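Structure first, then comments.
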Amino acid sequence: MKKAGAGDLAVNGGCPVRSTLLPYGHQTIDKEDIDTVVDVLRSDWITTGPKVSEFEDAMASRVGSKYAVSFSSGTAALHAAAFAAGIGPGDEAITTPMTFCATANCILYQRAKPVFADISRDTLNLDPDEVANRITPKTKAIIPVDYSGHPAELDALNKLAQDHGLIVIEDACHALGATYKGRQVGSISNMTVFSFHPVKHITTGEGGMVTTDDKELAARLSLFRNHGIVGDARQRQANGQWYYEMVSLGYNYRLTDIGSALGISQLKKLDDNLLRRREIASIYRAAFSDISSLILPVERPEVASAWHLYPIRLDLDLLTATRAEVFQALRAENIGVNVHYIPVHMHPYYRNLFGYEGGEYPIAEAAYERLISLPMFHAMTKADVDDVINAVKKVIESFRK
Ligand SMILES: *Cc1c(COP(=O)(O)O)cnc(C)c1O
C-alpha cells in the first residue's frame, strides 16, 4: 500500500474515510423493546410496579447472584453500595484513577476519602500490590473497576479484603456478561454495580443495578433507594395501610417500570451482543497486530472480557504525532474515537480538594497520554468495522517515524 501522505488526511483537507460520524458506542432498540415499553405505558404502573422486581430477578439469574437491587443510574447504584458498605465520615476507600469520576465520587458522597492506587500496565485494572500498600486502619472498602469490560484481579482483591475486613464494591459498569475464571461477573464480589446508560451493553435509558449474595446488604440497598423508608408502597396500598417509618437518610433513586420493561427486553439480547463485540475485538486484533506503534488491549487467559470499550495505546516513540493529533486526525476521518479516561485525580475538583499535581500515579498517567478508544458496539456493521480499520491504518501510517 502506498504510504498515505499528510495531504491525504481529512484533517489536512483530504477525503475522509467515511462521510458520517461513527460513534464510539450506541444503543440498539428494536420493535420488541418498543412494544414492551408501550405496554407498560398503557398499564397501571409506570414507576415502581411489577416490572422492577421482574427485571431484578432476571438480572440476578443472569449473573448468578441471590439478590439484585435496581437504581435510577449506575451512579446512584454506586452511592447506595457505598452506603450499604458502611462507608462514612473519616473512612477511606481505595479505587482506581483509570475510571469515570462517578466511581470515586460515590466515596465523597458518603463524606469519606477516595484513595487511589495505581494500575497494572497490561489491563489498566487496579494493581492488587498497590492496593495492599494503601490499606490503613481507616480503609473500609476496595472499589475496583472492570476496565473496558476486562474483569479486575478479583481473587487477589477479594483475598486482600477478607484479610483486612473490607468490603469489595466491584464497578462492573463495563462488564455485564464478562467472566472471571469461569464465574459470572456479578456473582464474585460483595457487591457488583452495573449501569444501563445507552452506551453500555444493555440500556434502560438511565438505570443501574447492584447484585449481591448478602441479604443484609440487599436490605440496606433497598432502604437507601427509597428515602430510607422501610417496606414497599405498593404492598402498603394493597394491604390498605398508611403507616410507614423512615429509619435512615436515603434518596429517591428508584428505577421506573418503564425502564425496567426496556431492561427485561434488552437483557434477552445480551448474549448476541457479547458475541458480536468479541467478534469485532478479534477482527481489530487481526487487523492491527502487525502495527508496531499500536499497543492493543489484552485479554488475560482466565477472563472473557465483555468488550465495552476497545482502548488502544499509541507507542509515541514510533510516531511523529501526539495522542491529541492522532485523535483529531481520526475524528476528521469521521471515526468517533474517545478517550477513557482522564485519571480521576487529575480533574480540577480532585486537584483542589486533595492537592494532586500529577505524577502521583505514573502508570495511569502514562496510559492516559497514549489512550484512544475505537468505536465498539454490537450494532456496528462490517462496513463500519472496515472504516475504523482503514482510518486507523491511514492515520498511523502518515504519522510513522
Ligand atoms: C457508566 C459508568 C458509571 C456511571 O453510570 P451511570 O449509569 O452513567 O450513572 C460508573 N462507572 C463506570 C466505570 C462507568 O462506565
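The values are calculated or read from the model by the stated rules, or taken from the named source; none is laboratory data. Note that this is a predicted model, so its numbers are computed, not measured. Positions of Cβ are generated from backbone atoms using ideal geometry, with glycine treated the same way; all protein chains shown enter the neighbour counts.
Being of a type outside the set (G, A, S) and within 30 Å of G263 (Cα to Cα) is the filter here; which residues of region 158-180 pass it? Before you say what the answer is, go through the steps one by one.
Just the residues of region 158-180 that are of a type outside the set (G, A, S), to begin with: 158-160, 162-164, 166-171, 173-174, 176, 179-180.
Correct list: N158, I167, V168, I169, E170, D171, C173, H174, L176, T179, Y180.
Of the residues that make up region 142-156, is at least one more than 30 Å from F377 (Cα to Cα), within 16 Å of the ligand (Cβ to nearest atom), part of a helix (DSSP H, G or I) and at pLDDT 95 or above?
Initial filter on region 142-156 (more than 30 Å from F377 (Cα to Cα)): 156.
Now drop any that are not within 16 Å of the ligand (Cβ to nearest atom), which leaves none.
Scanning region 142-156, I find no residue that is more than 30 Å from F377 (Cα to Cα), within 16 Å of the ligand (Cβ to nearest atom), part of a helix (DSSP H, G or I) and at pLDDT 95 or above, so the answer is no.
Consider L275 carefully, then state whether it is in the same structural domain as T75 (by TED's automatic domain parsing), at pLDDT 95 or above, over 24 Å from F100 (Cβ atoms) and away from the ligand (no atom under 16 Å from the Cβ).
no
For region 296-335, what are the residues that are out of contact with any strand residue (DSSP E or B) (no Cβ under 8 Å at 6 or more places or on another chain) and crowded, with 22+ Cβ neighbours inside 10 Å? The answer is S305, A306, W307, H308, A329, E333.
Taking the residues in region 168-190 that are away from the ligand (no atom under 14 Å from the Cβ) and not in a strand (DSSP E or B) as candidates, determine which candidate is nearest to K215 (Cα to Cα). Before you say what the answer is, go through the steps one by one.
Here is the first cut: in region 168-190, the residues away from the ligand (no atom under 14 Å from the Cβ) are 168, 177, 179-184, 186-190.
From the residues that got through so far, the ones that are not in a strand (DSSP E or B) too are 177, 181-182, 186-190.
On the way: G177: 23, K181: 25, G182: 24, G186: 15, S187: 14, I188: 15, S189: 14, N190: 11 Å.
Looking at the filtered set, the residue picked out is N190.
Of the residues A85, A77, A68, only one is buried (at least 16 other Cβ atoms within 10 Å of the Cβ), touching a Gly at 6+ places or on another chain (Cβ under 7 Å) and among the aliphatic types (A, V, I, L, M); which? That would be A77, the only listed residue that is buried (at least 16 other Cβ atoms within 10 Å of the Cβ), touching a Gly at 6+ places or on another chain (Cβ under 7 Å) and among the aliphatic types (A, V, I, L, M).
Let's see how each residue does on (1) within 16 Å of the ligand (Cβ to nearest atom); (2) more than 30 Å from Q162 (Cα to Cα); (3) surrounded by 16 or more Cβ atoms within 10 Å (Cβ to Cβ):
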residue: V11; (1), (2), (3): no, yes, yes
residue: E32; (1), (2), (3): no, yes, no
residue: D35; (1), (2), (3): no, yes, no
residue: D44; (1), (2), (3): no, yes, no
residue: S73; (1), (2), (3): yes, no, yes
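Over 25 Å from E216 (Cα atoms) and either within 13 Å of the ligand (Cβ to nearest atom) or over 15 Å from the mean Cα position of the chain (by Cα) (or both): is that true of L124 in this structure? Write out each step before concluding.
Numbers: over 25 Å from E216 (Cα atoms): yes; either within 13 Å of the ligand (Cβ to nearest atom) or over 15 Å from the mean Cα position of the chain (by Cα) (or both): yes.
So L124 fits the description; yes.
Restricting the search to helices (runs of 4 or more DSSP H) fully inside region 304-401 and requiring at least 2 residues that are within 22 Å of D146 (Cα to Cα) and out of contact with any Gly (no Cβ under 9 Å at 6 or more places or on another chain) gives 362-370. Taking every residue in region 297-320 that is of a type in the set (V, I, T) and pairing it with any residue that is more than 16 Å from the ligand (Cβ to nearest atom) and part of a loop (DSSP other than H, G, I, E, B), at least 6 positions away or on another chain, the pairs with Cβ-Cβ distances below 9 Å are V298/D122; V303/K181; I312/L296; T320/F399; T320/K401. The number of residues in region 96-109 that are free of Cβ contacts under 8 Å to residues at least 60 places away in the same chain and within 21 Å of H164 (Cα to Cα) comes to 1.
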